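S.K.: Pasting a structure below so you can have a look.
The values are calculated or read from the model by the stated rules, or taken from the named source; none is laboratory data. Keep in mind the model is a prediction, meaning the values are calculated, not measured. Because the Cβ atoms are built from the backbone with ideal geometry, glycine has one as well, and the counts that use them run over all protein chains shown.
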Amino acid sequence: MKKIAVIGGGAAGMAASIAAAQSGGAVTLYEKNEKLGKKIYITGKGRCNVTNDCDIAELFESVVTNPRFLYSAFYGFTNRDMMEFLEENGCPLKTERGGRVFPVSDKASDVTAALTRCLKKMGVQICLHAEIKDLWLENGKVCGVIRSDGKKEEADAVIVATGGLSYPTTGSTGDGYRFAGNAGHGVTELLPALVPFETKEDVGKDLQGLALKNVEAVLRDGKKEIFREFGEMLFTHYGVSGPILLSASSYAAKRIKKGPLLLSLDLKPALTMDQLEARIQRDFDAAKNRQFKNSLGGLYPSRLIPVIIERCGVSPEKPVNAITREERKRLAETTKNFTLTLTGLRGFNEAIITQGGVQVKEINPSTMESKKTEGLYFAGEVLDLDAVTGGFNLQIAWSTGVLAGRTAAADVLSNTY
């Protein structure tokens, strides 16, 4: 029985360890934290959005960087396969809006518990508080790992599943990029992704904490549209966040370093401009003896009303029956095109994932094995792969982890024939 060493006990590392053990390998999983799956505990606000119950085409469409690389991984272990695995291992699931899949219990700990049970059932040796200092490399081949005390642990294959740079308190400190570099791999620029934006406008003063559920966000770099999505957003003390803006950040990360981007929010996307103007007219007709500021409660949340009034340039005390057609039009235009200037992204401490990583052109997409170092495999966020919100990034971790585990064990076993 050949030895497989897996570095990192997160989503990809646990998936790789289980798959390698199921494929006949003797697996040792090294995790430098005191427990496995530390980042899983905080995903989905502690609920863990384990995957997305969409069709395979949407899975690929939701990947921002290098989707084609994931062909073998996604088809080899699908989102439905992951759902079935968790259900079979004692973690019942439910599907919510947008295909997001969560444990029925709403507890991320149940996902980690299911994975841990399977690891133990498969005989995986779990080493906690076990920091790996480097890879043990000789003559273009990996021979094992070197622990922080300098002790060498022999292995026939090593799977690097160390995560990225996001949420460094969970142990994601970039070790895998250093390992990759020492093995001759290139690492692309590392940027925070699925992360809130900072804005030039001081929206936090009036709107901090306000969530809007049905808006359309359009992101532009100059005249070029780079992102459009419908859904939920949130105003913060520094700018904007929420699901659609987090997804937008993955498309903006490289561009926003070069200069500000323009965000346009359609606050009433279900209505055309003509329909909105007619709606405003009906509301005004019903409140013609009121002041302008007291006539907008049916259109906007109360905290948004003063901001809308300021932007459309109509006096808040003006009687509704004195508002001109041109002023109504300005109100509608402000509603359909509420603009903000995005000046930057928050840092890795607030980023859900890392954009960038080990260059995938140097990895065999059918096996996850390095093209430069025999017996060395990579899985999960350490690779230059990322997706929008909705469970897709975890599915990348599960799928690449399973593929790396299966092929690492199978490859080393085939050498004995």
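S.K.: Tell me which residues, restricted to the stretch 349-363, are at pLDDT below 95 and either among the aliphatic types (A, V, I, L, M) or surrounded by fewer than 21 Cβ atoms within 10 Å (Cβ to Cβ) (or both).
M.R.: Answer for the stretch 349-363, where residues must be at pLDDT below 95 and either among the aliphatic types (A, V, I, L, M) or surrounded by fewer than 21 Cβ atoms within 10 Å (Cβ to Cβ) (or both): Asn349, Glu350, Ala351, Ile352, Ile353.
S.K.: Also, I was wondering about something else. I need the full set of residues from the stretch 110-124 which are surrounded by fewer than 15 Cβ atoms within 10 Å (Cβ to Cβ) and in contact (Cβ under 8 Å) with a residue 24 or more places away in the chain, in order please.
M.R.: Matches in the stretch 110-124: Arg117, Gly123.
S.K.: Here are some conditions: (1) closer than 28 Å to Lys35 by Cβ; (2) touching a residue at least 60 places away in the same chain (Cβ under 8 Å); (3) in contact with a helix residue (DSSP H, G or I) (Cβ under 8 Å, 6 or more places away or on another chain). Ala130 meets all but one. Which one does it not meet?
M.R.: Of the numbered conditions (1) closer than 28 Å to Lys35 by Cβ; (2) touching a residue at least 60 places away in the same chain (Cβ under 8 Å); (3) in contact with a helix residue (DSSP H, G or I) (Cβ under 8 Å, 6 or more places away or on another chain), the odd one out for Ala130 is (3).
S.K.: Given the structure, is Arg47 more than 30 Å from Gly144 (Cα to Cα) and out of contact with any Lys or Arg (no Cβ under 8 Å at 6 or more places or on another chain)? Let's see the steps before the verdict.
M.R.: Working: more than 30 Å from Gly144 (Cα to Cα): yes; out of contact with any Lys or Arg (no Cβ under 8 Å at 6 or more places or on another chain): no.
Against the criterion (more than 30 Å from Gly144 (Cα to Cα) and out of contact with any Lys or Arg (no Cβ under 8 Å at 6 or more places or on another chain)), Arg47 does not qualify.
S.K.: Counting only residues that are of a type in the set (A, V, I, L, M) and either assigned to a loop (DSSP other than H, G, I, E, B) or under 30 Å from Leu219 (Cα atoms) (or both), how many does the stretch 174-186 have?
M.R.: Result for the stretch 174-186: 1.
S.K.: So for the stretch 236-253 (the condition being part of a strand (DSSP E or B) and β-branched (Val, Ile, Thr)), does at least one residue qualify? Walk me through how you get there before you give the answer.
M.R.: Taking the stretch 236-253 as the starting set, the residues that turn out to be part of a strand (DSSP E or B) are 239-241.
Applying the additional criterion that residues be β-branched (Val, Ile, Thr) yields 240.
For the stretch 236-253, residues part of a strand (DSSP E or B) and β-branched (Val, Ile, Thr): present.
S.K.: Of the conditions (1) closer than 15 Å to Pro67 by Cβ; (2) at pLDDT below 95, Asp386 fails just one. Which one is it?
M.R.: So the condition that Asp386 fails would be (2).
S.K.: While we're looking at this one, here's another question. Scan the stretch 200-230 for residues that are β-branched (Val, Ile, Thr), crowded, with 16+ Cβ neighbours inside 10 Å and within 21 Å of the chain's Cα centre (by Cα) and report the count. Explain how you work it out, then say what you get.
M.R.: In the first step, residues of the stretch 200-230 are kept if they are β-branched (Val, Ile, Thr); the result is 203, 215, 218, 226.
Adding the requirement that they be crowded, with 16+ Cβ neighbours inside 10 Å leaves 203, 215, 218.
Pick out the ones that are also within 21 Å of the chain's Cα centre (by Cα) and you get 215, 218.
Of the residues in that region, 2 qualify.
S.K.: Regarding the stretch 364-377, can at least one residue be identified that is crowded, with 18+ Cβ neighbours inside 10 Å, in the same structural domain as Arg80 (by TED's automatic domain parsing), under 30 Å from Lys257 (Cβ atoms) and β-branched (Val, Ile, Thr)?
M.R.: No: zero hits.
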